[in-house]
Every structure is written in C-alpha cells, then in structure tokens.
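Working notes, structure below.
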Amino acid sequence: MNILGVSEGFHDAGVCLLRNDRIYFASHSKRSASKSFLNSPYFDYVEENLSDKFIGWPIFLGMGGYDVDNILDKVDPERTQLRISDEDCHPNREGHKIIAQEIYNAYEKNYI
C-alpha cells in the first residue's frame, strides 16, 4: 500500500511517501513553505493590517523578520541550553519562559 503525506501549513513544507509501511521518499523545504506563505492572502492581510503588532513580522530572516528559533538563538546560539535535546530543537522550560517574555513585552508595547 502507498501512502502520500503532504504538509505545508506551519513549519517547513514537506512530503513523504510510504510504501508497505516503509519510508520510500521524504523531503522538506523552508523555501517551499516560505513561497507558499508569501503567495497566500494571509500574508497580504497581515502586511496591510497587523504588521506593526505581529512579533517578528515578516517572520523570515531574509526579509528582515524573525521567528521563535531566532529569539532563542540570540540567547543560546549553540542550542544547548534552551532546547529539549540535540535531537529535538523545540524549546524546553527555560526556552518557553524566554518566548513568553518576548510575547509579554510585545503585548505591553502595543496595548498597555
């Protein structure tokens, strides 16, 4: 049995083909995800209505923005203190505290 999985929503765009419960092909691309997002109506809406309040907008370093990884990398460029592990780059408890502080600072700047 063949199963094709495609994701283009939140992180990198990706595709995976399983054949008989084994990975036959898998690939991902930040460029594809970026391109999909740039061509979506959501990008235009945020740019026109929310960009001054959107943390890190336009969220791509190459366009002058930043994302959560970039926030954590400023504090921990080696990715050894604020990540779950070497194999899992998601934020750990301390990483979440830094992200929460960044969100609170932006909220305070925009709404208080």
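Quick notes on this one:
- Hits in region 36-92 (condition: loosely packed, with under 12 Cβ neighbours inside 10 Å, of a type in the set (S, T, Y) and not in a loop (DSSP other than H, G, I, E, B)): Y42, Y45
- Listed by first and then second residue, the pairs with beta-carbon distance under 6 Å, at least 6 apart or on different chains, first residue in region 83-112 and closer than 15 Å to D67 by Cα and in contact (Cβ under 8 Å) with a residue 40 or more places away in the chain, second among the hydrophobic types (A, V, I, L, M, F, W, C) and in a helix (DSSP H, G or I), are E102/I71.
- Residues of region 73-91 that turn out to be of a type in the set (S, T, N, Q) and modelled with pLDDT of 95 or more, as a count: 1
The values are calculated or read from the model by the stated rules, or taken from the named source; none is laboratory data. No experiment lies behind these values; they were computed from the predicted model shown. When we count neighbours, we look across all protein chains shown, and the Cβ atoms used for this are built from the backbone with ideal geometry, even at glycine.
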